[in-house]
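All remarks here apply to the structure that follows.
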Amino acid sequence: KKKEWAKLKDEPTVTSEGDHVELAANIGTPQDVDGVLNNGGEGVGLYRTEFLYMGKSQLPTEEEQFDSYSTVLKQMGDKPVVVRTLDIGGDKELDYLDLPDEMNPFLGYRAIRLCLERDDIFRVQLRALLRASVHGNLKIMFPMIATLEEFRQAKAILDEEKEKLINEGKEVSETIEVGMMVEIPATAVIARQFAKEVDFFSIGTNDLIQYTMAADRMNERVSYLYQPYNPAILNLINNVIEAAHAEGKWAGMCGEMAGDEIAIPILLSLGLDEFSMSATSILPARTQIRTLSKEDWISYKDELLSKGTSDEVVDFVKEKTQLR
Ligand code: PEP
Ligand code: MG
């Protein structure tokens, strides 16, 4: 099987009729980029920047961050690199920030909530990203957006830093797309309103599932409720993709679900444009997608979305793909 996959390393990701979708990778550090390229990744769909901030005694400097971001961008060349701004808090702690203990860390002070309040931290990261933007095809994405105000505020801070850099005579790319993660159900529900203001969406199913099902993604006792194929999740995803397309934007997914064998045909059916997964899942996913007819899967869409349970969805997909 490995040999069969390797042959597809430099091939495009196309369905049986030749429709292209993008297969990108999730990374955490510049060292991960080799693995992306060796596995035929067409881009980086999620660069989790938390690692830059973790395991040290102070915040990373603008220069340190600039080095990491430019290294990744240069190595990826023309290929898109979606960098997610700091998603700290919740379960990911930073000793030097001295964050208060919370009753419900996953529902608390984290990610963009923290960055908008501690904009001193946020601005350093945005400056580093903006300066690095001239070295490749950068897209910036904000995590854990819940309201349109948050997106607007984050974007305004980004624009301010860009303006400042230009006034300082620094070069900044003029073509940086700015998007958001859809991982809070509130944003999936009114995706249409968000789609007018963002350049793209990336659906973060790891969190979207836990918030939609009210089931902690780490809690074994309730893991039976953590259902990627639950029709509620599929309908939310569909809503996001439809909203994006209605506004001429693209929609990707960077949660675990994007690389899942059962989920891939469903996501193709819903029209997902970009799938971002661990690098080692890319070639198996490409192999699978080449066997799937997008036309057929689009014709199954209404039936998939009207299923009642997760099991019914899975049975349907298995029947249609002969994945048994
Ligand atoms: C997600 O929530 O799906 C996601 C990709 O982000 P993380 O797993 O880092 O929360
Ligand atoms: Mg998340």
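Among the numbered conditions (1) within 20 Å of the chain's Cα centre (by Cα); (2) crowded, with 16+ Cβ neighbours inside 10 Å, the only one that Arg127 does not meet is (1).
Residue count for segment 212-226 under the criterion of being more than 15 Å from ligand 2 (Cβ to nearest atom) and either under 26 Å from Tyr47 (Cα atoms) or outside any helix (DSSP H, G or I) (or both): the result is 2.
Where in segment 1-99 are there helices (runs of 4 or more DSSP H), lying fully within it, with 3 or more residues that are more than 16 Å from ligand 1 (Cβ to nearest atom)?
2-6, 33-38, 62-76
When we screen Leu94, Leu46 for residues that are more than 15 Å from ligand 2 (Cβ to nearest atom) and not hydroxyl-bearing (Ser, Thr, Tyr), the only hit is Leu94.
Quick one: count up the residues across segment 254-274 that are of a type in the set (A, V, I, L, M, F, W, C) and under 14 Å from Val240 (Cβ atoms).
Selection size over segment 254-274: 7.
Cβ separations smaller than 7 Å between residues 6+ apart or across chains give the following pairs from segment 54-72 residues that are of a type in the set (Phe, Trp, Tyr) to residues that are in a helix (DSSP H, G or I) and surrounded by 11 or more Cβ atoms within 10 Å (Cβ to Cβ): Phe66/Ala128; Phe66/Arg131; Phe66/Ala132; Tyr69/Ala128; Tyr69/Leu129; Tyr69/Ala132. Summed over segment 201-211, the residues that are assigned to a strand (DSSP E or B) and either away from ligand 1 (no atom under 14 Å from the Cβ) or touching a helix residue (DSSP H, G or I) at 6+ places or on another chain (Cβ under 7 Å) (or both) give a count of 2. Scanning segment 2-52 for residues that are more than 16 Å from Leu292 (Cα to Cα), within 19 Å of the chain's Cα centre (by Cα) and charged (D, E, K, R) returns Asp32, Glu42, Arg48, Glu50. Consider Pro80 against the criteria (1) under 21 Å from Ala258 (Cβ atoms); (2) within 16 Å of ligand 2 (Cβ to nearest atom); (3) not basic (Lys, Arg): it satisfies all of them except one. Which criterion is unmet? Exception for Pro80: condition (2).
Determine, yes or no, whether Phe106 is aromatic (Phe, Trp, Tyr) and within 21 Å of Ala215 (Cα to Cα). Considered against the rule, which asks whether it is aromatic (Phe, Trp, Tyr) and within 21 Å of Ala215 (Cα to Cα), Phe106 comes out as yes. If the condition is being within 13 Å of ligand 1 (Cβ to nearest atom) and touching a residue at least 60 places away in the same chain (Cβ under 8 Å), then segment 218-227 contributes only Met218. Residues in segment 158-177 that are under 16 Å from Val198 (Cα atoms) and surrounded by 16 or more Cβ atoms within 10 Å (Cβ to Cβ): 3 in all. Selection of segment 172-216 for residues being within 26 Å of Trp250 (Cβ to Cβ) and charged (D, E, K, R) yields Glu174, Glu177, Glu183, Arg192, Lys196, Glu197, Asp199, Asp207. Determine which member of the set Ala251, Ala258, Ala279 is within 16 Å of ligand 1 (Cβ to nearest atom), under 29 Å from Lys2 (Cα atoms) and buried (at least 24 other Cβ atoms within 10 Å of the Cβ). It is Ala258. No other residue among Ser269, Ser276, Ser281 is within 16 Å of ligand 2 (Cβ to nearest atom) and closer than 17 Å to Val21 by Cβ apart from Ser276.
Within segment 178-200, restricting attention to residues that are buried (at least 17 other Cβ atoms within 10 Å of the Cβ) and either among the basic types (Lys, Arg) or part of a strand (DSSP E or B) (or both), the residue that is farthest from the chain's Cα centre (by Cα) is Val178. Let me confirm something: among Leu126, Leu148, Leu158, Leu138, which residue is closer than 24 Å to Ala251 by Cβ and touching a residue at least 60 places away in the same chain (Cβ under 8 Å)? Criteria check complete, one pass: Leu138. State all residues of segment 168-195 that are of a type in the set (Lys, Arg) and under 17 Å from Asn238 (Cα atoms); if no residue qualifies, say none. The answer is Arg192, and nothing else. Of the residues making up segment 73-91, those that are surrounded by 17 or more Cβ atoms within 10 Å (Cβ to Cβ) and at negative phi number 13.
Checking each residue in segment 188-204 for being of a type in the set (A, V, I, L, M, F, W, C) and within 20 Å of Gly45 (Cα to Cα) picks out Ala188, Ala191, Phe194, Ala195, Val198, Phe200, Phe201, Ile203.
Computed from the coordinates by the stated procedures, all read-outs in this text should not be read as laboratory data. Given the structure is predicted, the values throughout are model-derived calculations rather than measurements. Here the Cβ is made from the backbone with ideal geometry for all residues, glycine too, and neighbour counts use every protein chain on show.
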